[in-house]
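**Student:** A single structure is presented below for examination.
Values quoted throughout were computed directly from the atomic coordinates according to the rules given, and no laboratory measurement underlies them. Predicted model only: the values in this text are computed from it and were never measured. Glycine also receives a Cβ, built like all others from the backbone with ideal geometry; neighbour counts cover every protein chain displayed.
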């Protein structure tokens, strides 16, 4: 019987009721009395020198409250980058200024030039058209290699060039070169990890408010981490003390990374509300989102794999150009480095791994973390080059992977991380079983009988989640701690509010987190509510990203609950006139070991708040505890994925006919939610592999700026249910957090793109097409061109 | 400004609206029915799906004035009379057919429209019908399952695991 209660139960989500009845409270549903609306006039050119922004006529337009330009932000901080990366020559990365509104130059299509605050959005938009602009167009900087060539136009005139940093990591050059020189075989692959747009279905929204009564600002915003926004915006941009700044992220309609970052519009609305003394609201349109939400991926890579005569991997070397866009978004610099380089060992015991990354400024939208963030880029290149090596060597790609698996744990990689636990053989075997690998030749024959090619692609991956030990990331350049926090507030009658630093924007924390506390206390989940998303209610937490919520914040919640239990046992011991060490808690009852004496949970909680019969000399009244949890290591979810595609040689169209994921997430709190996370991640990975592409032309114009041009996966693009299995039955619990959990949010997006592309190449090869690689998205036109090129 | 009268979720409403007021704006701003969401500006995402005279309509594609005299139904009008979730809503909860919830109202309205036209759709028919709805969270798997389940079909054998 599956559990229906506590850890491991697939409880239905309580938050669903409000979402299913239209009662959700998203940021755009918030309207404050007297609010004004802001419209941002954005650059329509990629790069230009601002000669004049004349707002005089526009300011006289009906309904205009005030128009702001870059000049209004002189002397005010720019948007900060949260991660310092050190160049291989020892210099800090270049950090250009990132003003809230453009100053001097515009640097990408969508760069905000002016902001019109008006009585209505319509009036703001109309007035913006009357702003007179004199902007001298400068050469666009789009291609990363061209951006680094001598004589390239500079995105930032005060920097020496467009190179943000040149980073080297892992095994030293001499050792790496030697391994390649001695290799029996070297496989090389050049590839692109395509630029994506995260596209949570809720566009970003910000509502700034200001209270003159107590000089306090409030920002309602679509954020995955309200405390991070409060810290960055308060301390670095606007200079508002944290106790005078409240950030609220209510129901948030998806994030996928792009709602981690502190954006100009948030700072603007908070600032403008103070200036005009009324609430100021901005709601992004989807088109605006395409040119103002931080994009993802966009790496151009050459990877080399060295093998000895027995097909053991002896070295990996990778050279990547990583697009930063025009400015450094909040965590942009960490993505191609610490979130990518540290994963380049993959699941394999390769003794030498060297990672080289050049981060480049271009006149495009800033690029930052998107679901997986660095780890999909690492996995894609490694698993693609392994597949190519297997073909070159004439060996089975599954056997080649298996032979090189890490099998002993803990395992220290050459790229600075220590995998605490894992069982890659187990997930591989589970994948093979669910995929029915022996049946593939028959399925291929059946496809061929229909005139289609069929390919099988496999992929293994490892990720580093639960980011992360603060002292470690501090050494690596993070300007933040990465702990999380929880306060467990037990009320007099026994109900509980748990205030958590993690933010739920689809992950189901309101359901899953109470399952943990309920299990620990032996009470019903209905007695426990989760409070999140409001800095005035929750302890200082770092928020939700990097599959960290349950591993880090969940651990904080466990620690706080343990404190509650310890105190409650003291109270129970007093009530039962027994020794504290004899008190046991089971099913919500405190009992004296070996006796029938007991008190109920509610008796103890009531005593804590009505302490008439209470050990006041030993402990304080009340029952509320906070814990901050800083992990000692990352967690390392891993898995083996496989898919089969059918390819129509007439059209180049690829369809996914069968897909299996075998993940090891360690322990699982709510299997239903975990499976949903994997489904979503896989859909985004399949989207990247087959459909999605954020494209610029050579003039820096954004070609994919709406759902007419950017191909989002739809229901009929994804595998049908009968041929689709997500499995998480292989579980090696994390060894260093109290729940043994690893995190599941990003696995699907990391594991699926190489799986799909490997399958496409296998299909083409089976048809006699000597195609070794097609860049994503593997669209029909690209497949057709590869077949007929 | 022109006066419009329509029935929304069974209640008659009369309001003055501007000629260019979109139905999304009318519902969200005038009636405070914020369950109808706006996820795009090119009528692609379906988050604003409502029913107008029984037909599935993207509310961003019509002016409020065009709904004069119409019977309009939104996500707020879908629950049973006692406030409990209706069959489709309940199936979405039972099968985890939603995560962030933003596309959900549009999905539920689309599902209701499909099941009205086709009481026992196949999986392929469900996927085809959802062509006008984008979800970024679920990968659609559990949405499709929920809609099949809401049609009374047994989905236990096609569970994800």
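**Student:** Stick to the Cα atoms of region A:693-783, pair each with every other, and give me the Kirkwood hydrodynamic radius in Å at one decimal. Don't jump to the answer; show the numbers that get you there.
**Tutor:** Values: mean 1/r = 0.0586 Å⁻¹.
Across region A:693-783, the inverse of the average 1/r is 17.1 Å.
**Student:** From the P(r) of chain B, could you give the percentage of C-alpha pairs in the tail past 25 Å?
**Tutor:** Considering chain B, 30 percent of its Cα-Cα pairs are separated by more than 25 Å.
**Student:** Give the relative contact order (percent, whole number) for chain A; include only Cα pairs under 8 Å separated by 6+ residues.
**Tutor:** Values: 2012 pairs, mean separation 122.9, N = 789.
Value for chain A: 16 percent.
**Student:** Right, here's the next one. Working from Cα positions, state the angle (0 to 90°, nearest 10) between the long axis of helix B:141-150 and the longest principal axis of chain B.
**Tutor:** 80
**Student:** How are the C-alpha pair distances of region B:87-153 spread across 5 Å bins, as whole percents from the shortest bin up?
**Tutor:** P(r) for region B:87-153, in whole percents per bin: 4, 21, 36, 28, 10, 1.
**Student:** For residue A:613 paired with residue A:706, estimate the spin-label separation in nm (one decimal), with each label point 7 Å from Cα along the Cα-to-Cβ line.
**Tutor:** Taking the simple label geometry, residue A:613 and residue A:706 are separated by 7.2 nm.
**Student:** Mean-square fluctuation check for chain B, GNM, Cα pairs under 10 Å: which of B:144, B:13, B:72 is largest?
**Tutor:** Ranking B:144, B:13, B:72 by mean-square fluctuation puts B:13 first.
**Student:** If you don't mind, there's one more thing I want to ask. Quick check on the exposure proxy: order A:324, B:23 from fewest to most C-beta atoms within 10 angstrom.
**Tutor:** Starting with the residue having the fewest Cβ neighbours, the order is B:23, A:324.
**Student:** Another question about this same structure. Listing A:675, A:653 from the residue with the fewest other Cβ atoms within 10 Å to the one with the most, what is the order?
**Tutor:** In order of increasing Cβ crowding within 10 Å: A:653, A:675.
**Student:** Just tell me how shielded A:678-686 is by partners: mean number of partner chain Cβ atoms within 10 Å of each residue's Cβ, no decimals.
**Tutor:** Partner Cβ neighbours, averaged per residue: 4.
**Student:** With the calculation restricted to Cα positions, what are the radius of gyration and Dmax of region B:2-77 in angstrom?
**Tutor:** When restricted to the Cα atoms of region B:2-77, Rg and Dmax are 11.0, 30 Å.
**Student:** Taking beta carbons within 10 Å but only from partner chains, what does the mean come to for residues B:42-48?
**Tutor:** Numbers: counts 8, 2, 7, 5, 1, 3, 0.
Mean shielding by partner chains, rounded to a whole number: 4.
**Student:** If you find the alpha carbon centre of region B:16-75 and of region A:497-560, how far apart are they in angstrom?
**Tutor:** Cα centroid of region B:16-75 versus Cα centroid of region A:497-560: 36 Å apart.
**Student:** Give me P(r) over region A:737-788, computed from all C-alpha to C-alpha distances, binned every 5 Å, as integer percentages.
**Tutor:** Taking all Cα pairs of region A:737-788, the binned fractions are 4, 18, 23, 17, 10, 8, 6, 6, 4, 3, 1, 0 percent.
**Student:** Moving on to the next point. On the Cα set of region A:7-98, report Rg and Dmax in Å, please.
**Tutor:** Rg then Dmax for region A:7-98, in Å: 22.7, 63.
**Student:** If you don't mind, another one. Note down the Stokes-Einstein diffusion coefficient of region A:308-441 in µm²/s, whole number, using a Kirkwood radius over alpha carbon pairs, 10 °C, and 1.306 mPa s.
**Tutor:** The diffusion coefficient I find is 96 µm²/s.
**Student:** May I have the convex hull volume per residue, in Å³, for the Cα set of region B:34-112?
**Tutor:** Output value, Cα hull per residue: 96 Å³.
**Student:** Would you list the P(r) distribution for region A:523-676, with all Cα-Cα distances sorted into 10 Å bins from 0 and each bin expressed as a whole %?
**Tutor:** 8, 26, 24, 19, 11, 6, 4, 2, 0
**Student:** Inside 10 Å of the C-beta atoms of A:21-31, what's the mean count of C-beta atoms belonging to other chains?
**Tutor:** 6
**Student:** In deg cm²/dmol and to the nearest 500, what is the mean residue ellipticity at 222 nm of chain A if only DSSP H runs of at least 4 residues count, each as -39500 (n - 2.57), divided by the residue total?
**Tutor:** -7500 deg cm²/dmol
**Student:** What do you get for the angle between helix B:104-117 and the principal long axis of chain B? Use alpha-carbon atoms, 0 to 90 degrees, nearest ten.
**Tutor:** Roughly 80 degrees between the two axes.
**Student:** OK, next. Two decimals, Cα atoms only, Kirkwood Rh: what is Rg/Rh over the protein assembly as shown? Can you show the working numbers first?
**Tutor:** Values: Rg = 28.0 Å, Rh = 29.0 Å.
My calculation puts Rg/Rh at 0.97.
**Student:** Okay, next question. Under Stokes-Einstein, with the Kirkwood radius over Cα pairs standing in for Rh, what whole-number D in µm²/s applies to region A:145-184 at 37 °C and 0.692 mPa s?
**Tutor:** Rounded, D is 252 µm²/s.
**Student:** Compute the projected area of the convex hull of the Cα atoms of region A:211-325, averaged over all viewing directions, and report it in nm² to one decimal place.
**Tutor:** If I average the Cα hull's projected area over directions, I get 10.8 nm².
**Student:** Fewest first, what order do A:781, A:591, A:504 take by the number of other Cβ atoms within 10 Å? Intermediate values should be presented prior to the final figure.
**Tutor:** Numbers: A:781 12, A:591 19, A:504 26.
Result, fewest neighbours first: A:781, A:591, A:504.
**Student:** Another question, if that's okay. Suppose a student asked you for the relative contact order of region B:2-77, using Cα pairs under 8 Å spaced at least 6 residues apart; what percent would you report?
**Tutor:** Computed over region B:2-77, the figure is 40 percent.
**Student:** Calculate the spin-label point distance for residue B:124 paired with residue A:88, positioning each point 7 Å from the Cα along the beta-carbon direction, and give it in nanometres.
**Tutor:** For residue A:88 paired with residue B:124, the spin-label model returns 5.4 nm.
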